[in-house]
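The values are calculated or read from the model by the stated rules, or taken from the named source; none is laboratory data. This structure is a prediction, so every number in the text was calculated from the model and none was measured. Here the Cβ positions follow ideal geometry from the backbone for every residue, glycine too, while neighbour counts run over all protein chains shown. Accessible surface areas use protein heavy atoms only, side chains included; no ligands, DNA or RNA. Shrake-Rupley method; radii C 1.70, N 1.55, O 1.52, S 1.80 Å.
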Amino acid sequence: MLDTLIQKWQQHFGPSYPEVIIRSPGRVNIIGEHTDYNQGFVLPGATSQSQYVMVGKSSDHHWIASDLGEEIQGETPLPSWAKYIHGAITSYAPDIGSLHILIGGDLPIGAGMSSSSALVCGVLLALKELTKRKETGEQLAAIASQVEREVIGVQGGIMDQYAILLSKKDHVMLLDCRTKEYQHFKVDLAGGRWMLINTKVQHNLIDTNYNQRSNECRQAVDLIRKKFPSVESLRDVTPGMLEEMQLPQTLSNRARFVIEENNRVPEMQKAIETHDPQAAGQLLNASHEGLRKLYEVSCPELDHLADFANKYNGVYGARMMGGGFGGCVLCLIKEEAIRDFEEGCADSYQNEFGFSPDFIHFELSKGALLVDQD
Ligand code: GLA
């Protein structure tokens, strides 16, 4: 993969090597969905599938997105991938001058594995290397999340950037999105394997509905504070408090999901620490139910895959992952069941929707890093 990208670099920019190469992984989230912007807990990790970002200073301005077959030179209207790069440069190193940049890799784009965050984090890390500055991963994560909020206007949390920049190989990260404290946990689920099933759809609802959910959570908090003034976010609300409040039905459903999902995070941590795939699977199923019925961010393709998986003997549990309305289902499955499961699942999805899903196998990997070119 890397060799091919270096060859492409040399075809475009001549025989020299890039000054800096960064491998920036995708992110998976085991549990804790839509809890990050409610100051709650999340349990993400980084994937072996990555975006590579190659950068060199130059006298002309030439950026290439090798997977998309697109490039830009000079001051043209920016395609969306270039807006992320531009956003990272203007926030972090506006005076750096012209750059040659080539991006590419094996991280699926638009699959809900945070390819855009991987790009922004990768570019920031590359700029940090070029300028020899000394920010920590935590500081870069804060800048990356600011860039994304500005470029796409989504009021996202900080889960993706922390996972992409600060993950550890074979581990997931328990992140407290209020204090920003985190701990890594080794994952070994006694023969249980994580895999992703990509619906290959991305409904356009994602950005608008994401912001709408985050506003609904804020509205719920505003109402709850009238009775419980110490509440700062849904993180501070107990099921008992919610019951006392009698909120309008939609706000009540949203809040209930966030409170329950937040409580599932330490339970999943326990399931992982006690190597208990059954318990982990039940938590995944409960999370999917909540995302579908209370938080209403699922879609027919995600529900079909999660239902198929959850009925399948050999699957411990499955749930939609990420913002929703498309992207991937995360599935915990017995290693020996994977092949048959994939066949059955592909047939059933094909019958329903007329095309097959992608099955994505990943290792939990280290966060973004400088690739050693020696
Ligand atoms: C998107 C956002 C994250 C998080 C998830 C939902 O991936 O980028 O910050 O809110 O949705 O858990």
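Summary table below
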read-out	value
Ala163 being buried (at least 18 other Cβ atoms within 10 Å of the Cβ) and in contact with a Pro (Cβ under 9 Å, 6 or more places away or on another chain)	yes
Region 216-229 residues that are at negative phi and in the same structural domain as Met245 (by TED's automatic domain parsing), paired with ones that are surrounded by fewer than 14 Cβ atoms within 10 Å (Cβ to Cβ) and part of a helix (DSSP H, G or I) (beta carbon under 8 Å, 6 or more apart)	Glu216/Thr250; Lys227/Glu244
Members of region 141-172 found to be of a type in the set (Asp, Glu) and modelled with pLDDT under 95, listed by number	Glu148, Glu150
One residue from Leu99, Leu107 being aliphatic (A, V, I, L, M) and within 16 Å of the ligand (Cβ to nearest atom)	Leu107
Tally of residues being assigned to a helix (DSSP H, G or I), surrounded by fewer than 17 Cβ atoms within 10 Å (Cβ to Cβ) and within 26 Å of the chain's Cα centre (by Cα) across region 224-249	0
Some residue of region 112-121 being away from the ligand (no atom under 16 Å from the Cβ) and open to solvent by 10 Å² or more (accessible area, probe 1.4 Å)	no
Positions within region 154-197 being small (Gly, Ala, Ser) and in contact with an Asp or Glu (Cβ under 7 Å, 6 or more places away or on another chain), in sequence order	Gly156, Gly157, Gly191
Residue within region 287-302 that is among the basic types (Lys, Arg), within 21 Å of Leu196 (Cβ to Cβ) and at pLDDT 95 or above present	yes
Matching residues, region 161-179, being more than 10 Å from the ligand (Cβ to nearest atom) and not basic (Lys, Arg)	Ile164, Leu165, Leu166, Ser167, Asp170, His171, Val172, Met173, Leu174, Leu175, Asp176, Thr179
Hits in region 37-76 (condition: within 16 Å of the ligand (Cβ to nearest atom) and either open to solvent by less than 20 Å² (accessible area, probe 1.4 Å) or hydroxyl-bearing (Ser, Thr, Tyr) (or both))	Tyr37, Asn38, Gly40, Val42, Leu43, Pro44, Gly45, Ala46, Thr47, Gln51
Top-ranked residue of region 132-160 - restricted to ones that are free of Cβ contacts under 8 Å to residues at least 40 places away in the same chain and open to solvent by less than 20 Å² (accessible area, probe 1.4 Å), ranked as farthest from the ligand (Cβ to nearest atom)	Leu140
Boolean, Ser252 is more than 16 Å from the ligand (Cβ to nearest atom), at pLDDT 95 or above and part of a loop (DSSP other than H, G, I, E, B)	no
Residue within region 183-204 that is modelled with pLDDT of 95 or more, farther than 25 Å from Gln278 by Cα, surrounded by fewer than 20 Cβ atoms within 10 Å (Cβ to Cβ) and not aliphatic (A, V, I, L, M) present	yes
Matching strands (runs of 3 or more DSSP E) fully within region 68-187 where at least 2 residues are under 21 Å from Ile31 (Cα atoms)	171-176, 182-186
